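What follows is calculated from the coordinates using simple rules that are stated; it is not laboratory data. No experiment lies behind these values; they were computed from the predicted model shown. FYI the Cβ positions are ideal-geometry reconstructions off the backbone, even for glycines, and counts take in every protein chain you see.
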Amino acid sequence: MADELDSYRRKRDFQRTTEPTGAGGASTSEPDGAGGASASERPRFVVQQHHARRLHWDLRLERDGVAASWAIPGGIPQTPKDNRLAVHTEDHPLEYLEWEGEIPRGEYGAGTVRVWDRGSYELHKWEPRKIEVSFQGERLRGRYALFAIGRRTGRDRAADDGTDQDSWMIHRMDPPENPERLPMPEHLRPMLARLAARLPRDPDNWSFEVKWDGIRALAYAQPGRLRLESRSLNEITATYPELRGLSEQLGMREAVLDGEIIAFDEHGRPSFERLQSRMHVTGAAHSRRLSVSTPVVYAIFDLLYLDGESLLTAPYAQRRARLADLDLGGPAWRVPETRFGEGQRLLDATRKQGLEGIVAKRLDSSYQPGARNGCWLKLKHTRRQELVIAGWLPGEGRRRERIGALLMGYFAAGDLRYAGRV
């Protein structure tokens, strides 16, 4: 056992990290391959969510007195069609099956480690380049295969592993645990709001939200991955690097979100002018600089897909409740408040704050991609100013015998001030 943990120990300074040394005598449940073994006799497994330089998941299997380990950047696949890279790393001590904590900066694998699931597994096959097991955990259940695919390249390195170790894949052999599980849609056009002049007459059947002066974006989040698409289905992920942490907060969940990307001015109001400096920028270095000088916020207001379930036909009230349950919020994303039945109050408040307006959404409305069917309404504030005609300018060319433009002004503090010409 000492030799098997040499690589593990060489990479760590146990004066700085609280990770187990492997010197203790942890209890073991040696696998004998017998399918009839009780849960207490079966070997253990753990899946740990590891927020290192990049988010990934560590799968560890109890075997021969150590925890055989794989780093899985894309999370555990939920369907047989979705294989994921699994980088075979060094063996860990059995105490790691129970360990959670912080690995200090500068240490190997620095970051936060939390248990995502644990349980026991039934062993079907353990060969040098192929393993088959059935997991019995709280979240992870079913038969899986781990198989080697050769030496990995620099592009395939796990988040915290700088050595040249074998690349493996993890494959779910059983059908999805939910037989009705649907694949994530690849592209959806956002549902649109129709311009309205007045509030709905039945406000109790509507939800009311601030209308943000930004750009619509749908977010497709999978474990360790985030893709952003604009209203015209153009990918804009690279333009807004500060939003990538959204997929980390979602962890192993898969979701399609609808929202608006906003930039704020120095007074905390949405500024489309500031946002324009971020749009159409694709260079990684330039985007990173702009994310500091002109940061954006992704205001999330709808949930269209979650963990194999399409929510397009669900009523808006239910979609908002499911969105709230995700408890999303971070440095560059949030779920703004919605007001049920309080349209007039929100309309008055946004007018006083100098905001663009509000959006009203029927609580029983489904999500119809690309449609502008009246189930969503937008009410914009129109700014008014009393003006006086202060003069005129002659026309030019064929209009030189006529008035070319009126000079407009307004009174402020008793003085007539120039406003422009029309």
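Sub-8 Å Cβ pairs linking a first residue in the range 307-332 that is over 22 Å from ILE76 (Cβ atoms) to a second residue that is among the β-branched types (Val, Ile, Thr), at least 6 apart or interchain, are ARG320/THR338; LEU323/ILE300; LEU323/VAL335; ALA324/VAL335; GLY329/VAL335; ALA332/VAL296; ALA332/VAL297, ordered by first then second residue.
For the range 375-422, the set of residues classified as within 52 Å of the chain's Cα centre (by Cα) and on the phi > 0 side of the Ramachandran plot consists of ALA413, GLY420, listed by residue number. Checked against (1) on the phi > 0 side of the Ramachandran plot; (2) not aliphatic (A, V, I, L, M); (3) not in a loop (DSSP other than H, G, I, E, B), TRP57 meets all criteria but (1). Among the residues of the range 226-245, the ones that are part of a strand (DSSP E or B) and surrounded by 21 or more Cβ atoms within 10 Å (Cβ to Cβ) come to 2 in all. With respect to GLN318, determine if the residue is farther than 17 Å from LYS211 by Cβ, assigned to a helix (DSSP H, G or I) and under 27 Å from the mean Cα position of the chain (by Cα). So GLN318 passes the test. Residues of the range 375-422 that are basic (Lys, Arg) and farther than 30 Å from GLY343 by Cβ: ARG398, ARG399, ARG400, ARG402, ARG417, ARG421.
Is there a residue in the range 119-126 that is at negative phi, surrounded by 15 or more Cβ atoms within 10 Å (Cβ to Cβ) and under 27 Å from the mean Cα position of the chain (by Cα)? The answer is no; no qualifying residue exists. From the list ARG278, ARG288, ARG274, the lone residue that is over 19 Å from ALA221 (Cβ atoms), under 20 Å from the mean Cα position of the chain (by Cα) and part of a helix (DSSP H, G or I) is ARG288. Residue pairs whose Cβ atoms lie under 9 Å apart, sitting 6 or more positions apart in sequence or on different chains, and linking a residue in the range 375-394 that is over 19 Å from LYS211 (Cα atoms) and in contact (Cβ under 8 Å) with a residue 40 or more places away in the chain to a partner that is in a strand (DSSP E or B) and of a type in the set (Lys, Arg), do not occur here.
Selection of the range 207-225 for residues being closer than 28 Å to GLY343 by Cα, part of a strand (DSSP E or B) and either of a type in the set (D, E, K, R) or out of contact with any strand residue (DSSP E or B) (no Cβ under 9 Å at 6 or more places or on another chain) (or both) yields GLU209, LYS211, ARG216. Considering the range 92-116, the residues that are part of a loop (DSSP other than H, G, I, E, B) and within 25 Å of LEU250 (Cβ to Cβ) include one that is farthest from the chain's Cα centre (by Cα), namely TRP99.
Quick one: is GLY329 farther than 28 Å from PRO241 by Cβ and surrounded by fewer than 16 Cβ atoms within 10 Å (Cβ to Cβ)? No; evaluated as a whole, the condition is false for this residue.
Among the residues of this structure, GLU248 does not count as one that is in contact with a Ser or Thr (Cβ under 9 Å, 6 or more places away or on another chain), in contact (Cβ under 8 Å) with a residue 40 or more places away in the chain and either assigned to a helix (DSSP H, G or I) or not aliphatic (A, V, I, L, M) (or both). So which residues in the range 321-372 are of a type outside the set (A, V, I, L, M, F, W, C), within 25 Å of the chain's Cα centre (by Cα) and within 15 Å of GLU260 (Cβ to Cβ)? ARG334, PRO336, GLU337, THR338, LYS361, listed by residue number.
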